[in-house]
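Heads up: the structure comes next, in structure tokens.
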Amino acid sequence: MIRRLYDWTIRMADHPHSLWVLALVAFVESSFFPIPPDLLMIPMIIARPSRAFTIAGVAMAASVAGGMLGYAIGAFAFDSIGQPILESMGKGHAMEEFNQRFNDAGFWAVLGAGITPFPYKVITIMSGWTGMSLGTFVITSIIARGLRFYIIAGLLWKFGSPVRDFIEKRLGLVFTVFFVILLAGFLVLRYL
């Protein structure tokens, strides 16, 4: 099934309404779809480099909007299903403690999931589940998804097809290393 979704996503790069398809893929990927919008963005940008930043903007806007759907899923499903189950097991207090720890690091969790290969949808749902501030969630999502999609667009716009293999195989690792270094730097500054 995943392979068929992947093949469909790649075929849509040539579709006359590919920007709409990209918006749909970016939107649903942020809350439940398993295929990242990058796979559609890359061939679209290679085919039309002059539209690279428009394509990145559509992906970012739709991804953040989809992230808000993921946030809503986490917020509403937990209140109606998860909380009563935890309370019946005598674990309601444990959830409050987890929520506080997650929300204390919420900016970093959303930023990390937004720019690294970690599934962004997990963090969108967890952000709603833990009651993270919607403003913090949205602003951090815009920063994270903007960084991810605009860097990809910029690299493809500047270097074209030769950088495609690097993006598809190693950019996730570069983003992950960058995020770890950034987080370590802030931790060092905080505890010095």
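Quick notes on this structure:
- In summary, I139 fulfils each of the numbered conditions (1) modelled with pLDDT under 80; (2) β-branched (V, I, T); (3) within 23 Å of G74 (Cα to Cα) with the single exception of condition (1).
- Pair list, Cβ under 9 Å, 6 or more apart: segment 139-168 residue closer than 21 Å to V25 by Cα and in contact (Cβ under 8 Å) with a residue 40 or more places away in the chain, other residue among the aliphatic types (A, V, I, L, M) and open to solvent by 70 Å² or more (accessible area, probe 1.4 Å): S141/M68
- Of the helices (runs of 4 or more DSSP H) contained entirely in segment 1-57, those carrying at least 1 residues that are at pLDDT below 85 and farther than 19 Å from L155 by Cα fall at 2-11.
The values are calculated or read from the model by the stated rules, or taken from the named source; none is laboratory data. Predicted model, so just to flag it, every value in this text is computed and none were measured. Glycine gets a Cβ as well: all are built from the backbone with ideal geometry, and neighbour counts include every protein chain shown. The accessibility values were calculated without ligands, DNA or RNA, using every heavy atom of the protein model including side chains. Shrake-Rupley method; radii C 1.70, N 1.55, O 1.52, S 1.80 Å.
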